[in-house]
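Chemist: For reference, the structure I am asking about is given below.
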Amino acid sequence: MQRRDLKKQNAGFTLIELIIVIVILGILAAVAAPRFINMSTDARIASLEGLEGSLRSAANLVNLKARLENKTDCAANPTIQLGTDTITLRCGYPCPHPNGIAKAVNADPAFTWVGGNCAGVLGAVEVRLNTAPDPANCKIRYVSARATRVPGYTLTTTGC
């Protein structure tokens, strides 16, 4: 008869044990949830940084071809052929324009090219990440090359 009583007592968890487990799970969820939320922000920033690397590489490759073809004049906007695309140049680098750097880079459709100006020395184009909470502040700004310097790249991640 004592064996049956022991089996009845050990048949489940006590209320205290269940409450302790629930509290521990709640604490773990409160600590882990913000880390998972930040992962999406980190992923958007990494995507933007990857595109920045692509922009730099494409600009350098176009510049190499422009030097080989002797098309580095800053007074004019010559073009070079890159595959089937015609790339407009500024001082031997792709112009910050849809016919310049945008054609030199194969960007994901999640990115939008905003603006673009090849005229003068103040030309710039922005590449925004559409999937960001604030695309206007999750972007890369590509500024045209000048006679004394290479193109400029500015990464803004406050809206990612």
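The values are calculated or read from the model by the stated rules, or taken from the named source; none is laboratory data. These numbers come from a predicted model, not from an experiment. Don't worry about glycine lacking a Cβ; one is built from the backbone with ideal geometry, like all the others, and counts go over all protein chains shown. Just the protein is used for accessible areas: all its heavy atoms, side chains included, with ligands, DNA and RNA removed. Shrake-Rupley method; radii C 1.70, N 1.55, O 1.52, S 1.80 Å.
Chemist: Among the numbered conditions (1) of a type outside the set (V, I, T); (2) open to solvent by less than 70 Å² (accessible area, probe 1.4 Å); (3) within 19 Å of the chain's Cα centre (by Cα), tell me where K103 comes up short.
Modeler: Going through the list (1) of a type outside the set (V, I, T); (2) open to solvent by less than 70 Å² (accessible area, probe 1.4 Å); (3) within 19 Å of the chain's Cα centre (by Cα), K103 breaks only (2).
Chemist: When both residues are 6+ apart or on different chains and their Cβ atoms are under 7 Å apart, which pairs have a first residue that lies in the range 75-88 and is free of Cβ contacts under 8 Å to residues at least 60 places away in the same chain, and a second that is open to solvent by 40 Å² or more (accessible area, probe 1.4 Å) and in a loop (DSSP other than H, G, I, E, B)?
Modeler: P78/K71; I80/E69; I80/K71; T88/N77; T88/H97; T88/N99
Chemist: Could you list, in sequence order, the residues of the range 19-59 that are open to solvent by 90 Å² or more (accessible area, probe 1.4 Å) and either under 30 Å from Y93 (Cβ atoms) or not in a helix (DSSP H, G or I) (or both)?
Modeler: Result: E49, R56.
Chemist: For the range 60-88, enumerate the residues that are open to solvent by 40 Å² or more (accessible area, probe 1.4 Å), part of a helix (DSSP H, G or I) and within 22 Å of I140 (Cβ to Cβ).
Modeler: N60, L61, L64, listed by residue number.
Residues checked against (1) open to solvent by 70 Å² or more (accessible area, probe 1.4 Å); (2) within 20 Å of the chain's Cα centre (by Cα); (3) modelled with pLDDT of 90 or more; (4) charged (D, E, K, R):
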{"residue": "G123", "(1), (2), (3), (4)": "no, no, no, no"}
{"residue": "A132", "(1), (2), (3), (4)": "no, yes, yes, no"}
{"residue": "K139", "(1), (2), (3), (4)": "no, yes, yes, yes"}
{"residue": "V143", "(1), (2), (3), (4)": "no, yes, yes, no"}
{"residue": "A147", "(1), (2), (3), (4)": "yes, no, no, no"}
{"residue": "P151", "(1), (2), (3), (4)": "no, yes, yes, no"}
{"residue": "T157", "(1), (2), (3), (4)": "no, yes, yes, no"}
{"residue": "C160", "(1), (2), (3), (4)": "no, yes, yes, no"}
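Chemist: Restricting the search to the range 89-121, which residues are of a type in the set (A, V, I, L, M) and part of a loop (DSSP other than H, G, I, E, B)?
Modeler: Within the range 89-121, the first condition is being of a type in the set (A, V, I, L, M), and the residues that meet it are 89, 101-102, 104-105, 107, 110, 114, 119, 121.
Answer for the range 89-121, where residues must be of a type in the set (A, V, I, L, M) and part of a loop (DSSP other than H, G, I, E, B): V105, A107, A110, A119, V121.
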